[in-house]
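Every read-out reported here was derived from the displayed coordinates using simple, explicitly stated rules and does not represent laboratory data. Worth saying up front: this structure is predicted, and the values here are computed from it rather than measured. So basically every Cβ, Gly included, is an ideal-geometry build from the backbone, and we count neighbours across all protein chains shown.
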Amino acid sequence: MPESTTAHRPSRAQALGTRWLGAGLAAALAVTTLVLAFAGQLTLYISPETVWFAVAAAIVTLIGAVWSCMLPLGAEQDHGHDHGDAGHDDHDHAPAASGRRVLGAVVGATGGVIATGVVAGALLLPPASLSVDMAMQRAPVGNVLFAGADNVALGANTDTSTFGVGGWASVFATGSRPEKYDGSSVTLTGFLTPSGSAKDQAHLTRMVITHCVLDAQPASVPVQIGGWQGQYAVGDWVQVKGTVRATADGKLSIVPASVSKISEPKDPYEH
């Protein structure tokens, strides 16, 4: 029985690898989450409403990882089984068992490399917002519809002063009474994207997330800026102050009183 137990005992390298794939990666992700939260950059990945949950989960995970590191090395693989009486059966099935162990080691090593790469990227790469290219890919030029998870209320007494780009994009696409919004004052922030072949019009665009960046969708509204590509580049962040105007055929657009180039906001998304 002692010989069988020794044969199945993992080496120190295997024990260290198992601990890294468990407690090590979990602790690294937890620390990354806490650092981003305290730096105010966690909202680049999740909505502000879920930051508290992510921080609480990271703290619990970190405590669990520290506690697990207090266990003897290799304890994770000590199942407490006694295979000493297997005798002849163990010998007969040794090739099959060896093949399973090799396959398990290969799969584990592959998963470990991938997981380590993901964690290393999270630790080493600077946080960044979704690119302008991604916004243009997810919504073809000329499309101002924002099909978000939360519907914008468009009642008779709707207060549009709180609308962002996402709210106005829904109004422009679904409002059944465009004259109701004619003359509304707006102050909106977003980045510029092309508006099809219209030379005197651009799209003011913003990525809108409901829970995290995985569900991010672009919202955009048309802004009448004559010759804008001579003054600005695609992807430039601007603040537009102006008025919503309805054309004779019922289409809405924004006629700006001023367009100011700005730096990318600390929180580049709408929620």
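Cβ crowding within 10 Å, taken as a proxy for footprinting-reagent exposure, orders Val165, Val171 from fewest neighbours to most as Val171, Val165.
Along the range 180-185 the Karplus relation, 6.51 cos²θ - 1.76 cosθ + 1.60 evaluated at θ = phi - 60°, assigns HN-Hα couplings of 5, 9, 4, x, 5, 7 Hz to successive residues, with x for each Gly and Pro. Averaged over residues, the count of other Cβ atoms within 10 Å places the peptides 229-242, 174-187 in the sequence 229-242, 174-187, highest first.
In the range 205-264, with Lys and Arg counted as +1 and Asp and Glu as -1 at Cβ, which of these residues, Ala233, Val259, Val213, has the Cα nearest the positive end of the dipole, that is, farthest along it? The residue sitting most towards the positive pole is Val259. Each peptide among 254-267, 32-45, 199-212 gets the average number of other Cβ atoms lying within 10 Å of its residues, and from highest to lowest they stand as 199-212, 32-45, 254-267. Straight Cα distances below 25 angstrom link Lys180 to the lysines Lys241, Lys251, with same-chain residues fewer than 8 positions distant left out.
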